[in-house]
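Peer 1: Structure below; questions to follow.
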Amino acid sequence: MSNDYLHIDIPHEYVTCLDHVGIAVPDLDAAIEWYRSNMGWVNHHQETNEEQGVVEAMIGPKDLSDRGGMIQLLAPLNEASTIAKFIDKKGPGLQQMCLRTNNMDALCEHLRAQGTRLLYDAPKIGTGGARINFVHPKDAGGVLLELTEPAQ
Ligand code: CMX
């Protein structure tokens, strides 16, 4: 495998778009209903991720053909959940921003080479089987930055 990506300054060919922003919510159904009745957005995908301690919904406009970023509503599965801790500490609200990559391994190598801290040594499984990792908020200007490589 080529190591060329270690020598580039900006890995623009690997980071393709803003995928979603994640909002911590105490009540998933109530949050879905708020976006339906106020914005007309619908729930396109819902799943439980035990490892991440969340039940989540990906919401967006009904017609996704003109697709921009979506909103991920994140409710805690239990008190030990990252989302439960976030809500306890800061209250409900914006918890993360997620950028999409087409090459998670190359991007993570590049970030580590810059001294940027990633939360996981190896990507974990996120929404719809995507490979995910996170940049620590202290290394990303106070934003918890998720990276996602969608499943093929
Ligand atoms: N956004 C911005 N800053 C955050 C943050 C967030 N979501 N969460 C924590 N921080 C800040 C804290 O305020 C703290 O800052 P100060 O030291 O100035 O107070 C600092 O980061 C470290 O906080 P901490 O208390 O040491 O660590 P936490 O226990 O709060 O954990 C983190 C923080 C990022 C390691 C944890 O939230 C994590 O592992 N996140 C990744 C997993 C995740 O978020 N899963 C849910 C979503 C799943 C999905 O998207 O699929």
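Laboratory data are not the source of any read-out in this text; all were calculated from the coordinates shown. Computed from a prediction, not measured in an experiment: that's the story for all the values here. So basically every Cβ, Gly included, is an ideal-geometry build from the backbone, and we count neighbours across all protein chains shown.
Peer 1: Return the Rg/Rh ratio of the chain with Cα-based radii and a Kirkwood Rh.
Peer 2: Ratio of gyration radius to Kirkwood radius: 0.98.
Peer 1: I would also like to ask the following. Per DSSP helix of 4 or more residues, -39500 (n - 2.57); summed, then divided by the residues of the chain. What does that give at 222 nm, rounded to the nearest 500?
Peer 2: The per-residue figure over the chain is -6000 deg cm²/dmol.
Peer 1: Can I ask one more? Among the GluC sites (Glu not before Pro) in the range 12-104, which ones are in a DSSP loop with at most 13 other Cβ atoms within 10 Å of the Cβ? Mind listing them?
Peer 2: For GluC sites (Glu not before Pro) across the range 12-104 that sit outside H, G, I, E and B with at most 13 neighbouring Cβ atoms in 10 Å, the list reads GLU13, GLU50, GLU51, GLU79.
Peer 1: Next question, about the same structure. I'd like to compare 84-95, 101-112, 137-148: which one has the highest average count of other Cβ atoms within 10 Å, and what's the full order after that?
Peer 2: Values: 84-95: 13.9, 101-112: 18.2, 137-148: 15.8.
Packing proxy ranking, top to bottom: 101-112, 137-148, 84-95.
Peer 1: Of all DSSP beta bridges located in the chain, what percent are antiparallel, nearest 5? Numbers along the way, then the final one.
Peer 2: Numbers: 29 of 38 bridges.
The antiparallel fraction comes to roughly 75 percent.
Peer 1: Then there is this: What is the order of SER65, SER81, fewest Cβ neighbours within 10 Å to most?
Peer 2: The most exposed by this proxy come first: SER65, SER81.
Peer 1: A further question follows. Explain nothing, just the number: dipole magnitude of the chain about its Cα centre with +1 on each Lys and Arg Cβ and -1 on each Asp and Glu Cβ, in debye rounded to the nearest 20.
Peer 2: It comes to approximately 320 debye.
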